[in-house]
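Below is one structure; the comments refer to it alone.
The values are calculated or read from the model by the stated rules, or taken from the named source; none is laboratory data. In this text the structure is predicted, and so the values were computed from the model without any measurement. Virtual Cβ from ideal backbone geometry, glycine too; neighbours counted across all protein chains shown. For the accessible areas, the whole protein counts, side chains as well, though only heavy atoms, and no ligand, DNA or RNA atoms are used. Shrake-Rupley method; radii C 1.70, N 1.55, O 1.52, S 1.80 Å.
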Amino acid sequence: MRKDEGAATTSAELRAHNLARLLRAVHDGGGQLTRAELTRRLSLARGTATVLVRDLAGRQLIEELSSPAGTPDGHKVPRTRGRPTGVPSAHPLGPVALAVDLRDDSFTMAAFELTGRCTVLDRREREAVSGTGMLADVAVRLEFRRRQFGDRVVGIGVAVPSPVSAGQMVQPTLPDWQDVDVAGVLGGEADGYAVPVLAGNDATLAGLAEARRGVLRGVTVALHLHVATGIGGVLLANGQPVTGAHGSAGEFGHMPLTGSSEPCRCGSVGCWELDAGARGLLRVVGQPEEGDRMVRAEQVIAAAATEPGSGQALARAAQALGRGIGALVNAQDPEAVGLSGLAAEMYQAAPDAVQAGYLATLMRFRRSGPPALLPSTLGEFGALTGASELVFDAFLTPRGLGAWPGPMAPEEKTA
Ligand SMILES: [Zn+2]
C-alpha cells in the first residue's frame, strides 16, 4: 500500500537523520560524553538512543567504552539510576579523514578518526625544486596512505597557503600553484575508487579548528587571526566560518589597517601584513623578506628579550598587530579573538605592545570590556585539524553515512 510505503520512507529518513545527529554529537564531544549525556542533549528517548548506538556500533562507526578514551581506567563514568552508562567513542576500524597541511616550504599529512583522534603520518620539508614537484610528491604519498587505510578513507582535506575559490588556489605564495585545482591534482582513484578532496585556506581552517576543538569552542561570534608570512583569518558564527560568496573571505592581511601606503605583492597598497606579519618583523630588523621567513621571524621574537634591535622590531610589529585587531573588532563585533601562528607568539612575547595598539584603535564604547585575545590551544595542528573537519562535515550527514561501507547491522525491530 502506498500509504505504508510513505510511512516507511519517513521512518527510515528519520532514523538516518538521528543516526547522523548522534554521530555528529559523539564527534563534536571528542568521545568524552556518556550515552546518557548525548541522549539528553539531543532530546532522544532512552530506548531510541539505545537502538541508534547499537546500530552505529554494528556498522563499526563507534564502540562504547566504560570510560572516556584517554582517561585512567579507574576513572569510570557515573552510574545513572544504578546502571552503568557507556561512552560512545571512535571505532578502531571506523572512518578516516586524511588531512594535509600544505605550506610553501613543507607539508604534514595525518589521519583523523571520529572524535578528532589524530595520527601524524608524514612531515617533510620541501625536497622538490618546484611547487608542482612538491604537489606530485604529496599526491604519491596520499595514494600510498589511501591503500593503507583502504575503504576506511571517507575523504581528503587539504589546507593550502592561498585564498581558495571553487577549489582553486587563486593567489598562492608559490607562482606555479596559481589556479591549481587541488582536487584535480590530489584526487583521482586509488584501488578503483575515488574519495572527495576538499580544499580550504589554511588560516580559515585554523579558525574552524579552534571553534570546534580549541580556544574558540562555544564562542558565538568569534574572529580568528592566523599570522605567518601574511595574515589570514576568519569570522565564525556559531562555529561556522563565514567565507564569502566565493569562499575567499578573511584576507585581513590585505587591508590598509595601519596607515602605510607601500605597494603589496597582492596588488593593493598599505596592507596590514606589511607591518604586522613575518615580513613586517624582518623589514624592521633589516633582514631580507625572502627565504625561510617564518623561522627567522621566530628567531627575532626569541631574541627580543636580550637584543635591543629585535626587541624594538617586535614592539613595532606587535603594536601594528594590535592596531589592526582593534579595527577588525570595530567592524565585526566578535565576542573573542583567537590568535595563532606568529600572532600567538607575538602576543605571548609582547602582550603590552599588542594591548596598547588594540586599545588605541578600539572605539571608545568598546574599551571598557574589549573582546579577549586568546592564543591558540591547537598550535601548528590547527590547519590540519580544520582540514579534517571539512571531510567530517561532509561525512556526518544521512547521505555521507549512507555511503559508509562498514558491515550493516541486522534489521532492528523498533516495536
Ligand atoms: Zn596586500
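Does the stretch 345-357 contain any residue that is under 27 Å from residue 210 (Cα atoms), in contact (Cβ under 8 Å) with a residue 40 or more places away in the chain and touching a Pro at 6+ places or on another chain (Cβ under 9 Å)? Yes, some residue in the stretch 345-357 is under 27 Å from residue 210 (Cα atoms), in contact (Cβ under 8 Å) with a residue 40 or more places away in the chain and touching a Pro at 6+ places or on another chain (Cβ under 9 Å).
Picking from residues in the stretch 23-50 that are touching a residue at least 40 places away in the same chain (Cβ under 8 Å) and of a type in the set (A, V, I, L, M), the one that is surrounded by the most Cβ atoms within 10 Å (Cβ to Cβ) is 23. Among the residues of the stretch 228-248, those identified as modelled with pLDDT of 90 or more, open to solvent by 20 Å² or more (accessible area, probe 1.4 Å) and either closer than 12 Å to residue 205 by Cα or within 14 Å of the ligand (Cβ to nearest atom) (or both) are 235, 240, 241, 242, 243. Against the list (1) out of contact with any helix residue (DSSP H, G or I) (no Cβ under 9 Å at 6 or more places or on another chain); (2) open to solvent by 10 Å² or more (accessible area, probe 1.4 Å), the condition residue 252 fails is (1). Here the condition is being more than 17 Å from residue 388 (Cα to Cα) and in contact with a Ser or Thr (Cβ under 9 Å, 6 or more places away or on another chain); of 278, 222, 209, it holds for 278 alone.
If you go through the stretch 283-305 and pick out every residue that is within 16 Å of the ligand (Cβ to nearest atom) and not in a loop (DSSP other than H, G, I, E, B), you end up with 2. Note on the stretch 60-70: residues that are touching a helix residue (DSSP H, G or I) at 6+ places or on another chain (Cβ under 8 Å) and either in contact (Cβ under 8 Å) with a residue 60 or more places away in the chain or open to solvent by less than 30 Å² (accessible area, probe 1.4 Å) (or both) total 2. Take the conditions more than 19 Å from residue 201 (Cα to Cα), in contact (Cβ under 8 Å) with a residue 40 or more places away in the chain and outside any helix (DSSP H, G or I) and apply them to residue 172. Does it pass? It is false that residue 172 is more than 19 Å from residue 201 (Cα to Cα), in contact (Cβ under 8 Å) with a residue 40 or more places away in the chain and outside any helix (DSSP H, G or I). Scanning the stretch 168-185 for residues being open to solvent by 30 Å² or more (accessible area, probe 1.4 Å), in contact with a strand residue (DSSP E or B) (Cβ under 8 Å, 6 or more places away or on another chain) and farther than 15 Å from residue 267 by Cβ gives a total of 4. Give the residues of the stretch 202-227 that are touching a residue at least 24 places away in the same chain (Cβ under 8 Å) and open to solvent by 10 Å² or more (accessible area, probe 1.4 Å), sorted by residue number. Those that are touching a residue at least 24 places away in the same chain (Cβ under 8 Å) and open to solvent by 10 Å² or more (accessible area, probe 1.4 Å): 202, 204, 211, 212, 213, 214, 215, 219, 220, 221, 226.
Where strands (runs of 3 or more DSSP E) fall entirely within the stretch 91-158, those with at least 1 residues that are open to solvent by 10 Å² or more (accessible area, probe 1.4 Å) are at 106-113, 118-125. For the stretch 250-264, the count of residues that are more than 10 Å from the ligand (Cβ to nearest atom), touching a Phe, Trp or Tyr at 6+ places or on another chain (Cβ under 6 Å) and touching a residue at least 12 places away in the same chain (Cβ under 8 Å) is nonzero. Just one residue in the set 322, 311, 338 is touching a Ser or Thr at 6+ places or on another chain (Cβ under 9 Å) and farther than 21 Å from residue 218 by Cβ; that residue is 322. Residue 267 meets the conditions (1) of a type in the set (Gly, Ala, Ser); (2) within 20 Å of residue 289 (Cβ to Cβ); (3) open to solvent by less than 40 Å² (accessible area, probe 1.4 Å) in every case but one. The failed one is (3). Could you please let me know if residue 298 is more than 27 Å from residue 209 (Cα to Cα), touching a helix residue (DSSP H, G or I) at 6+ places or on another chain (Cβ under 7 Å) and either in contact (Cβ under 8 Å) with a residue 40 or more places away in the chain or open to solvent by 40 Å² or more (accessible area, probe 1.4 Å) (or both)? In short, no.
As a summary of the residue check, residue 306 satisfies the conditions (1) within 28 Å of residue 218 (Cβ to Cβ); (2) open to solvent by 40 Å² or more (accessible area, probe 1.4 Å); (3) among the polar types (S, T, N, Q) except for the one numbered (1).
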